[in-house]
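To start, the structure under review is shown below, and the notes come after it.
The values are calculated or read from the model by the stated rules, or taken from the named source; none is laboratory data. Nothing here was measured: the structure is a model prediction, and the numbers come from that model. Methodologically, a virtual Cβ is constructed for each residue, glycine included, from the backbone with ideal geometry; neighbour enumeration extends over all protein chains shown. The protein model used for the area step is the full one, side chains on, heavy atoms only, and it has no ligands, DNA or RNA in it. Shrake-Rupley method; radii C 1.70, N 1.55, O 1.52, S 1.80 Å.
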Amino acid sequence: MTQTVAVLGTGKIGEALLSGMIRAGWRPGDLLITTRRSDRAEELRTRYGVEPVTNAEAAKRADTLILAVKPQDMGKLLDELSPHLTADRLVISAAAGIPTSFIEERLTAGTPVVRVMPNTPVLVDEGMSVISAGNHATPGHLAHAEEIFGGVGKTLRVPESQQDAATALSGSGPAYFYFLVEAMTDAGILLGLPRAQAHDLIVQAAIGAAVMLRDSGEHPVKLREAVTSPAGTTISAIRELENHGVRAALIAALEAARDRSRELASGNG
């Protein structure tokens, strides 16, 4: 791997990408970082052996730039980069809700841009990163983005028109599961279990169910039916979930998340 890659904005997601790339075989000498604070820059230099630089230096020296800043900071960052960035560089955006057109309009004409929506499990190498090509990005550019983000989980290519839906399902998805675990833990306490025990039971059930979904190849309905005995405890619980409209509430919640992603993409933040 001889390309130079710069990670601009090394917060939690940016650092997760950095560490994942190093574990995947990238040499620290080929990696650049930018941060707002000098103490953070020194911390990352010490931890990973990478070189902290300014945004302008990153634009001049890196073959690939990963923009891992907050969406509200993207415009200012692009203003800093554009005088120094030539169209032979690849720009990868990991900022939620920012369309590739927003970036392309602020850079040299023809600059390839790839949009990626990772989720927070990249912090434990179990992320899902949804990847879309801008107007000038080639299959090779997409493959390069997959190589980088594949170090911290799985990747999936989608047309950019599907990014808002993917954000609703995958980008925000972990929060729904945390919410469910929180509610089920409270239910366990109501049923008489100590909080720690209720938490452990639910978390392990979630892990086991996720592995079975991933590895069995079975439809979730079939897996659920395998737990649901006639006139048993599970069907009684499922009936209450249906009576309270949980399925409809989830669909409505994901539609709301998709719509909010569209609002952010249009600049209505």
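Data for the structure
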quantity	calculated
Region 101-214 - Rg over Rh from alpha carbon coordinates, Kirkwood radius	1.15
Burial ranking of peptide ranges 143-151, 257-265, 199-207 (average Cβ count within 10 Å, highest at the top)	143-151, 257-265, 199-207
The chain, helix-only ellipticity at 222 nm - DSSP H runs n ≥ 4, -39,500 (n - 2.57), divided by all residues, nearest 500	-15500 deg cm²/dmol
GluC sites (Glu not before Pro) within region 32-119: DSSP coil, no more than 13 neighbouring Cβ in 10 Å	105
Calculated FRET value between residue 215 and residue 262, using beta carbons and R₀ = 30 Å, to 0.05	0.30
Region 1-160, accessible surface, carbon-and-sulfur percent (1.4 angstrom probe)	51
The chain: antiparallel DSSP beta bridges as a percent of all, rounded to 5	15
Cα-Cα P(r), the chain, percent of pairs per 10 Å interval	6, 25, 30, 19, 13, 5, 1
Distance-filtered residues of region 68-107 - backbone nitrogen under 17 Å, label point 7 angstrom along residue 54 Cα→Cβ	76-86
Rounded, prolate or oblate (a/c below 1.5 giving rounded, otherwise prolate when a/b exceeds b/c) for region 155-194 by Cα gyration tensor	prolate
Area accessible to solvent at residue 216, 1.4 Å probe radius, in Å²	60
Å³ per residue enclosed by the Cα convex hull of region 1-73	79
Label-point gap, in nm, between residue 135 and residue 238 - each point 7 angstrom along Cα→Cβ	5.0
FRET efficiency estimate (nearest 0.05) - Cβ-Cβ, residue 191 to residue 255, R0 30 angstrom	0.40
